[in-house]
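The values are calculated or read from the model by the stated rules, or taken from the named source; none is laboratory data. Predicted model only: the values in this text are computed from it and were never measured. Here the Cβ positions follow ideal geometry from the backbone for every residue, glycine too, while neighbour counts run over all protein chains shown.
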Amino acid sequence: MGDEKKSKQRDGSMVFESMYPLLALMLILVACVDLCDAATVVDVYRLVQYDISGVPFGSRFSSLNHHAASLSFHRGADLSRSVLILPLRELDLGFLQDYISQKQSLGGLLILLPQTLRPGNNIVLSETQRFRKLLAQLENLLVHANIPFPVYFAFENEETDAMLADVKKNDALGQQATATTGGYKLVISVSEPRKIASPTITNIQGWLPGSRAEGDSNQLPTIAIVASYDTFGAAPALSVGSDSNGSGVVALLEVARLFSTLYSNPKTRGRYNLLFALTSGGPYNYEGTQKWLKSLDQRMRESIDYAICLNSVGSWDNELLVHVSKPPDNAYIKQIFEGFSNVAEDLGFQVALKHKKINISNSRVAWEHEQFSRLRVTAATLSELSTPPELLESAGSLSDTRQLVHEDAIIKGVKLVAESLARHIYGHQRKDIKIFADDSSLAVNPFNVRSWLDLLSQTPRVAPFLSKSEPLITALKKELEDYTAEVSVQHESLDGIFTFYDSTKASLNIYQVASVTFDLLLLLVLGSYLIVLFSFLVITTRGVDDLISLFRRPPSRKVKMV
Amino acid sequence: MTLFHFFNCAILTFGPHAVYYSATPLSEYDTLGTSVKAAVVYLATALVKLVCLATFLQVSETEVFDPYQEALKAMIGFIDVAGLYFALAQLTHRNISQNHKFQAVGLGWAFADSVLHRLAPLWVGARGLEFTWDYVLQGLEANANLVFTISLAALGSLMWLRKNKPKTLIPIIYTCAVIIATMPSITSYLRRVMGWHFPKVVGFELMTSLVMAFISCQLFILCQRPSL
């Protein structure tokens, strides 16, 4: 008896155990239902979210689950549970400004950008210039506002165009999309954004030593060439910053290449060391440059004769500006500027000197050379910008795409820097020699310039979102390793007044939904269909009497056919 | 709300089977066992068909209508008919009249067919947010399929269970049975070669099912007279 019971129990548990995989399969099946059953999925890029000393800016939310609405909605309609779809072509900046400043609630904002502004798209259309201006204004508005709803950027394609046309049509008829009237539902399901704990900024420096004269034991003087490579824009996943400061990086790399060729031969090696630095943290008051300078050995820092910083040298025509913080009648500044203007004259364009005093009490660092000047190193910034940029301005916004940059501008800038440096190093000032002449073995290589420019124009480079082992950083390091003798990478943490939040890219699911009234109607129709079917069958097989009797007496009465 | 839609489509797909069972005298004679047995036979038939299809059919990437492949599919479709024969003739049922036997077998067969072919897509698809008419059309197709199966079962019972039939009606019975049995091939021909969309195909199926039901009903009544 006991054995039988035990074997039965064992059988029962075995049956149960064999059910587990089946149960697991059922659970997986049930869970898999919610995976991507949308008709349309679009890549979207979120507006940046950051704090400056605790004051919040940018879009503070990331997940979205609302109906779509367009600009043709009835004035006064409640949009707090809708996502407003704004194509850039039809942007009304005043309306948006009012909306944000009056703190009206909105479910979300989706801005559709034309395909020509996509990184990697090199088609130039006549209207792109207008879009670029509009986009710059929009970015300025959004980046400096505190927005309590999610804001996303997306690129137009056929599916979004079709959806927008549909939504506009419905809105024009006054049928705004809600739960009871159907329409389109936009869903972005991501987790809430979290602070990036300790964002790192990475500085890459390359050291090209000069040759000492026989019997000279003094430290050789150094000339530094610096450019910051990171960007900041309204959408961190789209901020490629071709001009600010992709052009500066490309120019630095080309100058490094030219001098590495010159210095590779001991006979032509100059009596100056060259220090090339690619710094990060540019938009944030050049924090990276400051940290890099402080980390340099004091003797090394004191041996720096002067530093040239490159900032936005990609879209100028006739005049390049040299910004300094020391007064123009300073001997060193005069020397540097004369060197530049002589070479510029030979090359056929102009340079102008601009002086801006440093205000020690103001923490804003508008130019990179100011960080050098604060540590008593002579420096100047070569740039096409004439006014010092405001905080987070001109740092590589969404409108700064590849089409804005001309390769010849960069090539002219490279020639300017290289020639003036070479004349200073080899003591040929005021002599009419072209060391880096075209068609020589030391000519500027336009293909190199173009390929690096193209690469940088497709790589978003917002520093808090770059990891330590980011492929771009590895590529820049490798490039400098090819040209210089010693490369070192320095990782610092961005610990100033800025705090950043993650979640920069997401997938938008667009669903076409039916309203509740539709479902109820369908239920009604089906219910009546089934009732009609039931009555029809009862009548044809059992007779009308049976149908009537069903309503008189309780059913399920077994009737034997006689 | 989308669970609502799933519920709607489910009652459209499976409701008629339940209604048929409860409305006709089938429920009074407790023929559930017959239906269940027919469903099991359908499962076995489906497995055999699957194996045959996998062995003999070549998968083509494009939706090209290959007559040879379609003929092969139609032949394998006759395994269905063999299964139905087995369910009608070979299985032992309780003492129920022929009238009810074919209805019960047809009902069980159609129900198993609906569950196997339509429940999983319905569960996975109709519960999503995106709305499509597909599942409503699928439900209508299930209805048409029910009528087809019951007509086929009726003709089958005429062919195999009734011994004395008027000679003139025999060819008609056989042609109707062949038409119903090759319905899948006809619909795939319409969809691929003629390029009909799903709603049109479903409409066609519904109409043909009603026509076939009417014809088989008449045939059944005509054949019943001599045995009075």
What helices (runs of 4 or more DSSP H) completely inside the stretch A:463-562 contain at least 3 residues that are at negative phi, away from chain B (no Cβ under 12 Å) and modelled with pLDDT under 90? A:544-552
Name, by its number, the condition in (1) within 14 Å of another protein chain (Cβ to nearest Cβ); (2) surrounded by fewer than 16 Cβ atoms within 10 Å (Cβ to Cβ) that does not hold for B:L116. (1)
Looking only at the stretch A:271-318, count how many residues are part of a loop (DSSP other than H, G, I, E, B), in contact with a Lys or Arg (Cβ under 9 Å, 6 or more places away or on another chain) and surrounded by fewer than 19 Cβ atoms within 10 Å (Cβ to Cβ). 1
Residue check for A:V462: assigned by the TED database to the domain that holds A:A251, buried (at least 19 other Cβ atoms within 10 Å of the Cβ) and among the aliphatic types (A, V, I, L, M): yes
Could you please tell me which pairs satisfy a Cβ distance under 7 Å, a separation of 6+ or placement on different chains, a first residue in the stretch B:123-145 that is within 11 Å of chain A (Cβ to nearest Cβ) and within 25 Å of B:A213 (Cβ to Cβ), and a second residue that is buried (at least 21 other Cβ atoms within 10 Å of the Cβ) and modelled with pLDDT under 80? B:Y135/B:A126
Mind checking which residues of the stretch A:57-87 are farther than 20 Å from A:S239 by Cβ, touching a residue at least 12 places away in the same chain (Cβ under 8 Å) and not hydrophobic (A, V, I, L, M, F, W, C)? A:S63, A:N65, A:H66, A:H67, A:S70, A:S72, A:H74, A:S80, A:R81, A:S82, A:P87
Quick check on A:L385: is it aliphatic (A, V, I, L, M), more than 20 Å from A:L252 (Cβ to Cβ) and surrounded by 15 or more Cβ atoms within 10 Å (Cβ to Cβ)? no
Any residue at all in the stretch B:20-34 that's within 8 Å of chain A (Cβ to nearest Cβ), buried (at least 22 other Cβ atoms within 10 Å of the Cβ) and of a type outside the set (V, I, T)? yes
Out of all the residues in the stretch B:87-132, which are assigned to a helix (DSSP H, G or I), of a type outside the set (A, V, I, L, M) and under 13 Å from B:K37 (Cβ atoms)? B:Q90, B:K101, B:G106, B:G108, B:W109, B:F111
For the stretch A:64-179, which fully contained strands (runs of 3 or more DSSP E) count at least 3 residues that are at pLDDT 80 or above and under 23 Å from A:V240 (Cβ atoms)? A:108-113, A:151-155
Selection status of A:E338, over 30 Å from A:T459 (Cβ atoms) and out of contact with any helix residue (DSSP H, G or I) (no Cβ under 6 Å at 6 or more places or on another chain): yes
Please work out if A:P446 is in the same structural domain as A:V417 (by the TED database), more than 30 Å from A:L262 (Cβ to Cβ) and not basic (K, R). no
I'm told A:S260 meets every condition in (1) in contact with a strand residue (DSSP E or B) (Cβ under 7 Å, 6 or more places away or on another chain); (2) touching a residue at least 60 places away in the same chain (Cβ under 8 Å); (3) surrounded by 23 or more Cβ atoms within 10 Å (Cβ to Cβ) except one. Can you identify the failing condition by its number? (3)
What are the residues in the stretch A:507-551 that are in contact with an Asp or Glu (Cβ under 8 Å, 6 or more places away or on another chain) and in contact (Cβ under 8 Å) with a residue 24 or more places away in the chain, if any? A:S507, A:L508, A:I510, A:Y511, A:Q512, A:V513
Looking only at the stretch B:203-216, decide whether some residue is crowded, with 16+ Cβ neighbours inside 10 Å, among the β-branched types (V, I, T) and modelled with pLDDT of 85 or more. yes
Looking at B:R118, B:R94, can you tell me which residue is charged (D, E, K, R), modelled with pLDDT under 85 and under 24 Å from B:A23 (Cβ atoms)? B:R94
Quick one: is A:L262 more than 29 Å from A:L142 (Cα to Cα) and assigned to a helix (DSSP H, G or I)? yes
